1. Given charges of +1 on the Cβ of Lys and Arg and -1 on the Cβ of Asp and Glu, with all other atoms neutral, how large is the dipole of the chain about its Cα centre, in debye to the nearest 20?
2. So how tilted is helix 156-170 from the main axis of the chain? Cα-based, degrees 0 to 90, rounded to 10.
3. Calculate one ³J(HN,Hα) per residue across region 18-34 by plugging θ = phi - 60° into the Karplus curve 6.51 cos²θ - 1.76 cosθ + 1.60, and present them in order as whole Hz with x for glycine and proline.
4. Only one of the listed values, [x] 31, 18, 14; [y] 39, 21, 15; [z] 27, 19, 16, was derived from the coordinates as semi-axes √(5λ) of the Cα gyration tensor in Å; which label is it?
5. Restricting to DSSP H runs of at least four residues, report the calculated mean residue ellipticity at 222 nm for the chain, -39500 (n - 2.57) per run over all residues, nearest 500 deg cm²/dmol.
6. Which peptide among 59-70, 106-117, 128-139 comes first, and what is the full order, when sorted by highest mean count of other Cβ atoms within 10 Å?
7. Can you give me the relative contact order of the chain as a percent, contacts being Cα pairs under 8 Å and 6 or more apart?
8. Which far-off residues, 5 or more places away or on another chain, put their amide H under 5 Å from the one on SER148, with H placed in the peptide plane?
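Nothing in this text is a laboratory measurement; each read-out follows from the coordinates by a stated rule. Predicted model, so just to flag it, every value in this text is computed and none were measured. Here the Cβ positions follow ideal geometry from the backbone for every residue, glycine too, while neighbour counts run over all protein chains shown.
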Amino acid sequence: MFTGSFLLPELADDLGLVAIGGDLRPERLLHAYRSGIFPWYDEDGPICWWSPDPRAIFELDGLHISRRLRRTVRSGRFQTTINRDFAGVIRGCAEGRDDGTWITTDMIAAYERLHQLGHAHSLEVWHGDQLAGGIYGVAIGGFFAGESMFHRASNASKVALCHLVRRLQERGFVLFDIQMATRVTRQLGAVTISREEYLTRLQQAVGLPCKF
């Protein structure tokens, strides 16, 4: 029988590490997300589970869209789809990173399984018939955990983010988690909140009847 008792955010150390070990079965992953925890590790190490404090999110009304990006979104240069090529998006997110990737082969298999079960989703950005960028993540109720995004054409990942935020707004989502902020996501409007506030908002979000 599955037990997620070791995945408790209050067990996190000063770095946000909650636990080491376990597996990436769908039920464990979903329990982790509902608890405010996510897996992050590299190919050579064990599975590590994290709940950082503070936590990075995008407020759904707080995305910073420059005039140039707004023009790109409206230009028709790119087309977007939902869940058309999840495998292509997650592999795109894993490729070409100078510092290596945490999207291991086991992670790809696990999230493809979540996608097959209807819990993980992708938004694709196309330039003609070529996959130019995209973003993927996990949706539970009114909560969306953005896992990673990528681009092969300039601004394609930012276009994906703009369309994703619009979709989440239209479908009643209330919490868009991005786990940890980066320079790029801060420029786009990412903010950090305390773990305590995050967990309160998370419990409210996962109980909503939203559908990605």
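1. Numbers: 24 positive and 24 negative charges, 270 e Å.
Charge dipole of the chain: 1300 debye, to the nearest 20.
2. 70
3. 9, 7, 10, x, x, 8, 10, 4, x, 5, 6, 4, 5, 4, 4, 4, 5
4. Matching the structure shown: [z].
5. On the way: 7 runs with 71 residues, N = 212.
Estimated from H runs of four or more residues: -10000 deg cm²/dmol.
6. On the way: 59-70: 12.8, 106-117: 16.8, 128-139: 20.6.
My ranking of the peptides, most packed first, is 128-139, 106-117, 59-70.
7. On the way: 393 pairs, mean separation 52.0, N = 212.
In percent, rounded to a whole number, it is 25.
8. Residues meeting the amide H criterion: TYR136.
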